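Only one structure is covered here, and it is reproduced in the block below.
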Amino acid sequence: TLFPYTTLFRSEAQKSIDFRDPHTFALQKRLSVPQCGGVDHADFAPDGSYMIVTCEFVGKLVKVDLRNHTLLGILPLDKGAMPQDIKIAPDGKVWYVADMMRNGVYTLDGDNFKITGFIPTGKAAHGLFISRDSKLMYISNRGEGSISTMDLATGQLIKKWYIPGGGSPDMGGLNVD
């Protein structure tokens with residue numbers, strides 16, 4: 001079943017989330033989320049019932065009911081937090097939220113909407129990428145030009161490599177190999 005297409009790119013400045021028809025992209029509803037400055041990245045529950053969205057400029061997460069297009073909750077993070085990318089683990093049990101100011105990744109229980117831990121990964125953690133085989137997660141650390149690798153089965157960091165000559169890795173993707 002297709003659930004409504006959600007747009008965040010236009011909504012960041014408007015502090016809103018747009019729900020669109022997945023076939024025509026016609027606007028169905030605009031959900032105002034004034035508590036969420038910097039509506040940024042989102043990921044979806046395995047059953048499509050809700051999504052969690054990062055609020056980059058105010059250090060919060062919001063949980064949104066995708067069937068009714070309503071706000072389910074607001075979760076403030078630590079003081080000074082700046083959440084960026086968010087991904088749910090392939091098994092659907094753990095959510096990960098990169099935080100540029102905390103230099104790592106929060107772990108989250110999405111169903112109960114509670115932070116369960118924090119993993120330091122590197123300066124200015126930003127992007128999260130799941131490997132094609134769903135065994136690893138790569139975390140881009142913009143502030144130090146590095147990529148951390150996490151074993152998703154254990155939740156442990158297993159490797160970090162630095163980009164030769166520096167750099168500021170951001171968002172992206174992985175090719176097949």
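Normalised Debye scattering of segment 85-128 at q = 0.20, 0.29, 0.30 Å⁻¹ gives log10 I(q)/I(0) of -0.55, -0.99, -1.03, counting only Cα atoms as equal scatterers and leaving out solvent. Is segment 34-100 rounded, prolate or oblate when judged by the Cα gyration tensor, a ≥ b ≥ c being the square roots of its eigenvalues, rounded requiring a/c under 1.5 and prolate requiring a/b larger than b/c? Oblate. Determine the shape class of segment 79-177: with a ≥ b ≥ c the square roots of the Cα gyration tensor eigenvalues, call it rounded for a/c under 1.5, and otherwise prolate if a/b is greater than b/c, oblate otherwise. Oblate.
In the context of the full set of protein chains, segment 76-152 has a per residue accessible area of 41 Å² (1.4 Å probe).
In whole angstrom, the chain maps to an equivalent ellipsoid with semi-axes of 27, 18, 16, each derived as √(5λ) from the alpha carbon gyration tensor and ordered largest first. A full extension of the chain between ILE119 and LYS93 corresponds to an added length of 7.7 nm, given 0.36 nm per residue minus the alpha carbon distance.
If you sort ARG30, ARG142, ARG20 by accessible surface, 1.4 Å probe, largest first, the order is ARG30, ARG142, ARG20. To put it simply, the accessible area of the chain at a 1.4 Å probe is 53 percent carbon and sulfur. Using Cβ point charges alone (K and R +1, D and E -1), the dipole size of segment 7-93 about the Cα centre works out to roughly 240 debye.
Label positions at LYS159 and ASN68, each projected 7 Å from the Cα along the C-beta direction, are separated by 4.6 nm. For the chain, the relative contact order is 11 percent, taking Cα pairs closer than 8 Å that sit 6 or more residues apart in sequence and dividing their mean separation by the residue count.
The values are calculated or read from the model by the stated rules, or taken from the named source; none is laboratory data. Keep in mind it's a predicted model, so treat the numbers as computed, not measured. All Cβ positions, even for glycine, are placed from backbone atoms using ideal geometry, and neighbour counts span all protein chains on display. The accessibility values were calculated without ligands, DNA or RNA, using every heavy atom of the protein model including side chains. Shrake-Rupley method; radii C 1.70, N 1.55, O 1.52, S 1.80 Å.
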